[in-house]
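Notes for the one structure printed next.
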Amino acid sequence: MAPSTDSNVKEENSQGSYKKDINTKTDHVLQSKKHANDIFDVIEYLQSEKDKQIIFASNACRKIFCELSDRGDLYVGDLPEEDDLMSGDRSGEEKYRIFMRHRYNSCVEILLENIGHESFQVKETSLCTLMKFVAAEAKHPLQNPDSSEHFCFPRELLRNLVERLLSEKEDMSLLISRFQEFLEMDDVRYYVMSSVRDNIYKVMSRKKKAEIPVYKNNVFTLLSNINIPTQGPKMKKFLVRQDYRLDEWKVAKLKEHKRAFEQMWLMFLKFKLPSFMYKKILVILHESIMPQMSDPTLLIDFLSAAYDIGGAISLLALNGLFVLIHQHNLDYPDFYKKLYGLLDPSIFHVKYRARFFHLVNIFLSSTHLPAYLVAAFVKRFARLSLTAPPTALLILLPFICNLIRRHPSCRILIHRPSAAEEPCDDPYVMEEEDPAQCHALESSLWEIKTLQTHYHPDVAKAALTINEPLTEQEEDISELLELSAFEVMERELKAESKTIPLEFDTATELLKSSREVLGVHFSLE
């Protein structure tokens, strides 16, 4: 069958004529097989230069092919070439189904291309139409059913869609956010995870030395939008429920979803990532990724590599390592030694300062830590305090006091009689990387004494705390962790103003007029 020549799409259409034309041809295609050629004109609108025409035609194609699928008017099985349509002993009904199946494939191909259209409305409509086709194919498979593990879900169509979403050239974050609605379906999510894993391997293995930041950002956006439900061992929310051998269907099992989720993330994390991507992943790792994995300890290689990068990335990797150590019994040698090595002046200026102090507070919370180790951290923080900004000092000073409260064996750092006699001979070795060899327990906290004359009154007041016997109750520093320089200044400005005396004698004649002053002068005469 050839496309009709008397009903081709005109280049110029009035505002409403294209809608009327598409609606008319849609009705013709669905009402009678004699008008099958009208489908060419509807599909042609999908390639229009006008966004509104593409959107309207996409909805029309959705209506046509979903109804044809329900009727069983799309060819099922290995599709013959269209050139061979007239050859062979085929019935008219079979030829019609083969013809419409080829038109369906052409429509899908154009819709996939429109995923990269410059108009978001066109992208969104194409995405929703393709997902309608996924549901239609899942309900009425276009391939002969087999007894494989994937049953009859249209994996090929979904894989092609995922490939378009993971573009290497265009940021698809907004469209991926729209796609999240479909990821709430258990079957869609399971096959999307499988498709993403395969796509990552194909693209990043081929371009190991290329940066491809747009692609990696699209992958991260899609991955971070996938969440595994935690209730019950079986899944219940499907785009199309498969009733055949449901007990053997992997999609209906939570453990299979966790395994697919794990394989997808591990495939992504095995490749080299830019520093900004490490930060994005590590921020959500302990809350959004690790709990949904079947075996979180498989992340040890990624976390170790991230920890060795240094800077803010090392700080963020601490949380994941701590979870593995304390919840999954991971043996990570020299953890505290490496943590000690992260303490440098930059920790007071990084974006994740609050998170870092929160984590260090957790790491040093155990009362079973040796005294030399805690003393090393206390002394290191004290030495760094000499060059820290006031906002950091207001966190650091109560933090040091809390560590000493928690570990009474470190009180010797405060009460050392010899410290006053030898103020310039500090046995502590700041450059030593091993906390066991830095001689912190032999030193004293003279740095805190120095801060008692700090120019900022709040810092000086906080440093004076160490002169008094420390209470057993620790100070709550949670409110101080997010303290900024602006907030410190605002607090000072809002403080009650105090009257400061400028002279001993109150001035009484300053505001009198010159005439009054002369009057006083004349009276004296």
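The values are calculated or read from the model by the stated rules, or taken from the named source; none is laboratory data. Only a predicted model underlies this, so the values are computations on that prediction, with no experimental measurement involved. Positions of Cβ are generated from backbone atoms using ideal geometry, with glycine treated the same way; all protein chains shown enter the neighbour counts. Calculation scope for accessible area: heavy atoms of the full protein, side chains included, ligands and nucleic acids excluded. Shrake-Rupley method; radii C 1.70, N 1.55, O 1.52, S 1.80 Å.
Annotation for the stretch 54-106 versus the stretch 169-185: alpha-carbon center distance of 29 Å.
Whenever you get a sec, compute what percent of the accessible area on the stretch 146-272 sits on carbon and sulfur atoms (1.4 Å probe).
Numbers: 3090 of 6340 Å².
For the stretch 146-272, the apolar C and S fraction of the accessible surface comes to 49 percent.
Each Lys and Arg adds +1 at its Cβ and each Asp and Glu adds -1 at its Cβ; summed about the Cα centre, the stretch 146-272 shows a dipole of about 500 debye. Using R0 = 41 Å, the C-beta based FRET efficiency linking Glu109 and Ile284 works out to 0.70.
Remark: the Cα gyration tensor places the stretch 16-144 in the prolate category, a/c being 1.5 or greater and a/b exceeding b/c. Taking label points 7 Å from Cα along the Cα-to-Cβ direction, Ile300 and His35 give a separation of 6.8 nm.
Remark: the stretch 146-272 carries 50 Å² of accessible area per residue (probe radius 1.4 Å; ligands, DNA and RNA excluded).
Given a 1.4 Å probe and every protein chain left where it sits, what share in percent of the accessible area of the stretch 16-144 is carbon and sulfur? Please list the in-between numbers first.
Details: 2640 of 5990 Å².
Here carbon and sulfur together make up 44 percent of the probe-accessible area.
Ordered by 1.4 Å accessible area with all protein chains kept, Leu266, Leu174, Leu396 run largest first as Leu174, Leu266, Leu396.
Under a 1.4 angstrom probe, counting protein chains only, how are Glu472, Glu109 ranked by accessible area, largest first?
On the way: Glu472 175, Glu109 110 Å².
Per-residue accessible area, sorted high to low, gives Glu472, Glu109.
Count charges around Gln473 for me, please; just the other residues with Cβ under 13 Å from its Cβ, Lys/Arg as +1, Asp/Glu as -1. Provide the component values of the computation, followed by the final result.
Working: positive: Arg405, Arg406; negative: Glu472, Glu474, Glu475, Asp476.
Result for the neighbourhood of Gln473: -2.
Taken along the Cα-to-beta-carbon direction at a fixed 7 Å, the label points for Glu94 and Lys169 span 4.2 nm.
Measuring with a 1.4 Å probe in the full set of protein chains, what accessible area per residue, in whole Å², belongs to the stretch 16-144?
Values: 5990 Å² over 129 residues.
Dividing the accessible area of the stretch 16-144 by its residue count gives 46 Å².
Could you tell me which of rounded, prolate or oblate describes the stretch 159-209, using a ≥ b ≥ c as the square roots of the eigenvalues of the alpha-carbon gyration tensor, with rounded for a/c under 1.5 and, failing that, prolate when a/b is larger than b/c and oblate otherwise? In terms of gyration-tensor shape, oblate. Measuring only protein heavy atoms, the 1.4 Å probe finds Ile43 accessible over about 20 Å².
For Lys253, the residues whose modelled amide H falls within less than 5 Å of its own, excluding neighbours fewer than 5 places apart on the same chain, are Met235.
Listed cross-link partners Lys216/Lys279; Lys208/Lys280; Lys236/Lys280; Lys63/Lys236; Lys280/Lys338; Lys139/Lys237 are compared with a 24 Å cut-off, the Cα-Cα value being larger for Lys236/Lys280; Lys63/Lys236. Here Glu475 and Gln437 are evaluated by their C-beta separation; at R0 = 41 Å the FRET efficiency comes out at 0.85.
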